[in-house]
Amino acid sequence: MPIVEVVDLFKRYGDVPAVDHIGFVVESGEVFGILGPNGAGKTTTLEIIEGLRRPDGGRAVVDGVDVQQHPREVRSRIGMQLQQAGFFERLTVDETLQLFAAFHRRALPGSDVIHRLQLDEKRRARVDTLSGGQLQRLSVAVALINDPRIVFLDEPTTGLDPQARRALWEVIGSFRREGRTVILTTHYMEEAQHLCDRVAIMDHGRIVAQDTPRGLIRTHAPGTTVTVLVDGGQVRFDALPGVQTVQQANGEVILLTSDPLGTVHALMELNRSGEAIFHQLRVEEATLEDVFLQLTGRRLRE
Amino acid sequence: MRGFWVTVKMGLRMYLRDRGAVFWGIVFPLILMTLIGLAFGRSDSPSFTIAVVDQSGGLLGRGLLEGLRQVPVFRVEEAGDTEAALVRLREGRLTLVIVVPGAPSGEPIRAYFDQARVTDSQTALVILERFIADANLRLARAPQTLRLQATGIAGRIQLRFFDFLLPGILAMTVMQTGLSGVTWVVATYRQRLILKRILATPAHPAAFLGGLVGRYTLTSLFQMAVIMLVAVLAFHARIVGSLATLGALIVLGTLVFVGMGFAISTVSKSPEAANLLGTAISYPMMFLAGTFWPKDFMPKAMQPVIGLLPLTPLVDVMRGVSARGDAVTAYLPGLAYLAAWGAVSFLVAAKRFRWE
Ligand SMILES: Nc1ncnc2c1ncn2[C@@H]1O[C@H](COP(=O)(O)OP(=O)(O)O)[C@@H](O)[C@H]1O
Ligand SMILES: [Mg+2]
């Protein structure tokens, strides 16, 4: 049963479309990810669905409610974590949640939410003494305070160290187990791959592909990648055995191959005969990063 | 509604944790009052000027006059006419008027004092009573003992400098709360996307913005109470009018200038720019509106401008009520003008308000 429907959404700033006629459907209870680099239009998309910005075309329906017609009704049914938004620095964690709870018709006890986000020992600490990771968790706590069925998270783990990121992944996993629908944006392909049931890949305001992570890899980057750092020599990589596509980025050459053994063998031959010099040969399963590379010719993070 | 009250409650906590706000709202006005008071306000002498109207023309009057002259803090004048002396009392130029009755009448000695200056007059009366008691002892063989009858009369109050200065300082602080405090805070909330967080909730925005206004109204009343207390205890400033009326005026003034603060914060992008604009508007007003010295001290050419400033009517009415005990009804046109500024400010703010 679809719980969020986005149809032909369009928004531009000046002449540049930030969101360029996109559409997708999120099923109840799934974790849906929007994966794309900075400036792809992820935040704009999310904030239109949340009713914070007006689209120039198209519509979004959340839990059966049209966002443009009833933005406040939509906001009462969802929880949202905003990218970059600040807090009242002179309030404590506890007080912040009390304040936001007062703006909702229905709210969970602050202590429950604090406990779930492992902020217990920071309960009485002022917000301006929190670390980046703790602030991010407080931000998610605010999104959870009204016990929403649908949770929007805008780059929830950006800027966190790997350990803090894993902890937040745990929390988001628990949302899914409770039957909440989660819509999150990220520019970390590991995050999308690890957390999401389905992923929409976004670039320049368009959704270039959407499917399960496996489905995306199967369709757009099947097989294995071989990555080498080239240090001289002219090589026709696409003529090597098994090679399907050749991508170059930051001096690295990334070969998507259906015959990893054959490709590596040929590369070693070239290296031995001195026709070309390679460093740092890597052989990896294809990931969403490769899907993005195949679809756009660029990496997610430059 | 819950959003409104919790915003007020949390706003008060934030205020109490904000040293800057407490400094600008309480400490700074007190420092200013002290400095200005020290510079201009040292005109009070601790002596009492007493006029004696001697109707007896005899020993009693002479003796009293001689006796009173012995008291070091009394400056004693002889006056011929009771009415003329009472006029001078009303004008605040005399502390006591003593009338010694004609010799055979058996009437008591009358002392008139100004009701509005009870402390000064009481001191003088106590000294006078002691003196009469002594005189009775010494004149034990006189045909009749002396009695004293004290009568308070309503005088035109003599403004002492701190009585004059205090309401000006209060009005100035109310203005600063709106033009410097609110502009900074609202623009900061906007720039740091705190307002956007509020917008992200289903609550009506008025709950939060109204809560902010409520918070400023309460902190303003608190600040004014502290300033008044210090002014009365440390500087012996006198508040003649009703405190409830003053409180109502403080609330009105706060609403108007908080509205102006909101309006200004919609014009500027950054908190720094909003604050600078607020300060640029409030400083000239502070010096022109009769806050620290009478408006008449300003050049004649400036007077029309001074009349248009929204701070001017607030200073006038607060001074009238606080220092002279005037009724607010005497200031209705000014109050209406002030309220109009508030209404226009809130309209501009409502029309232009941006959440991010
Ligand atoms: N308020 C705005 N005014 C002008 N341009 C904007 C605004 N918000 C976003 N954009 C532009 O729209 C594009 C998409 O931005 P955004 O949705 O924030 O991307 P993402 O969240 O994927 O990084 C960017 O090119 C950005 O510069
Ligand atoms: Mg973004």
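The values are calculated or read from the model by the stated rules, or taken from the named source; none is laboratory data. Remember, it's a predicted structure, so these values are computed and weren't measured experimentally. Here the Cβ is made from the backbone with ideal geometry for all residues, glycine too, and neighbour counts use every protein chain on show. Each accessible area value is taken on the protein alone, full model and side chains, heavy atoms only, with ligands, DNA and RNA left out. Shrake-Rupley method; radii C 1.70, N 1.55, O 1.52, S 1.80 Å.
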Next on the checklist: At a probe of 1.4 Å, how much accessible area disappears from chains B and A on forming the pair, both sides counted, to the nearest 100 Å²?
Outcome noted: 2700
Item to check | Förster-model FRET efficiency, 60 Å R0, A:V25 and B:L221, C-beta, rounded to 0.05 | outcome: 0.65
Item to check | Beta bridge orientation in chain B: antiparallel %, DSSP, nearest 5 | outcome: 20
Checklist entry - Alpha carbon centre of segment A:44-104 versus segment B:311-339: separation in Å? => result 45
Item to check | Farthest toward positive dipole pole in chain A [+1 Lys/Arg, -1 Asp/Glu at C-beta], among A:L256, A:N271, A:Q84 | outcome: A:Q84
Checklist entry - Which order, highest average first, do B:298-307, B:19-28, B:173-182, B:93-102 follow once you tally other Cβ atoms within 10 Å for each residue and take the mean per peptide? => result B:173-182, B:93-102, B:19-28, B:298-307
Checklist entry - Counting only other chains, what is the mean number of Cβ atoms within 10 angstrom of the Cβ of each residue in peptide B:200-209? => result 6
Next on the checklist: Taking 41 Å as R0, compute the FRET efficiency from the Cβ-Cβ separation of B:A244 and B:A39 and round it to 0.05.
Outcome noted: 0.80
Checklist entry - Given charges of +1 on the Cβ of Lys and Arg and -1 on the Cβ of Asp and Glu, with all other atoms neutral, how large is the dipole of the protein assembly as shown about its Cα centre, in debye to the nearest 20? => result 2220
Checklist entry - Any idea how far apart A:M1 and B:A336 come out in nm if each label point goes 7 Å out from Cα toward Cβ? => result 6.2
Item to check | chain A - Debye-derived log10 I(q)/I(0), Cα point model, q = 0.15 Å⁻¹ | outcome: -1.12
Checklist entry - Stokes-Einstein at 4 °C, 1.567 mPa s, Kirkwood radius from Cα pairs: D for segment A:1-147 in µm² s⁻¹? => result 78
Checklist entry - Listed here are the pairs B:K9/B:K351; B:K269/B:K295; A:K11/B:K9; B:K196/B:K351; A:K11/B:K269; A:K11/B:K351; which of them are more than 29 Å apart at the Cα? => result B:K269/B:K295; A:K11/B:K9
Checklist entry - For the protein assembly as shown, with every protein chain kept in place, what is the accessible area per residue (1.4 Å probe, Å²)? => result 45
Next on the checklist: Averaged over its residues, how many other protein chain Cβ atoms are within 10 Å of peptide A:74-87's Cβ atoms?
Outcome noted: 4
Checklist entry - On average, how much area does the Cα convex hull of the protein assembly as shown cover when viewed from any direction, in nm²? => result 42.8
Checklist entry - What percent antiparallel are the DSSP beta bridges of the protein assembly as shown, to the nearest 5? => result 55
Checklist outcome for this item: Rounded to the nearest 5, the percent of antiparallel DSSP beta bridges in segment A:149-212 equals 50
Next on the checklist: To test your reading of the geometry: what angle, between 0 and 90 degrees and rounded to tens, separates the Cα axis of helix B:205-235 from the longest principal axis of chain B?
Outcome noted: 30
Checklist outcome for this item: The aspartates and glutamates whose Cα lies under 13 Å from the Cα of A:K42, excluding any fewer than 8 residues away in the same chain, are A:D20, A:E50, A:D154, A:E155, A:D203
Next on the checklist: Based on the alpha-carbon set only, what is the convex hull volume of segment B:220-339 divided per residue, in Å³?
Outcome noted: 123
Checklist entry - Considering the Cα trace of segment A:83-214, what is its radius of gyration and what is Dmax, both in angstroms? => result 15.3, 46
Item to check | Residues of segment B:247-284 with amide N under 13 Å of the 7 Å Cα→Cβ point at B:V305 | outcome: B:281, B:283-284
Checklist entry - What's the average, rounded to a whole number, of partner chain beta-carbon atoms within 10 Å of each residue's beta-carbon in B:1-10? => result 4
Checklist entry - What is the Cα convex hull volume of segment B:155-241 when expressed per residue in Å³? => result 102
Checklist entry - If we restrict to alpha carbons, what Rg and Dmax does segment A:223-285 come to, in Å? => result 10.3, 28
Checklist outcome for this item: Stokes-Einstein D for segment A:156-302 (20 °C, 1.002 mPa s, Kirkwood Rh from Cα pairs), in µm²/s, comes to 126
Checklist entry - segment A:120-183: percent of C-alpha pairs farther apart than 20 Å? => result 28
Checklist entry - Which percent of the accessible heavy-atom area of chain B goes to carbon and sulfur, probe 1.4 angstrom? => result 65
Item to check | Approximate spin-label separation A:T129-B:Q55, in nm, with each point projected 7 Å along Cα-to-Cβ | outcome: 7.7
Checklist outcome for this item: Log entry: pair-distance distribution for chain B, C-alpha pairs binned every 20 Å from zero, whole % per bin is 26, 41, 22, 10, 1
Item to check | CD proxy at 222 nm, helix term only [per DSSP H run n ≥ 4: -39500 (n - 2.57); per residue of chain B; nearest 500] | outcome: -20000 deg cm²/dmol
Checklist entry - If the cut-off is a Cα-Cα distance under 15 Å, which aspartates and glutamates reach A:K122, setting aside same-chain residues fewer than 8 apart in sequence? => result A:E89, A:D94, A:E95, A:D112
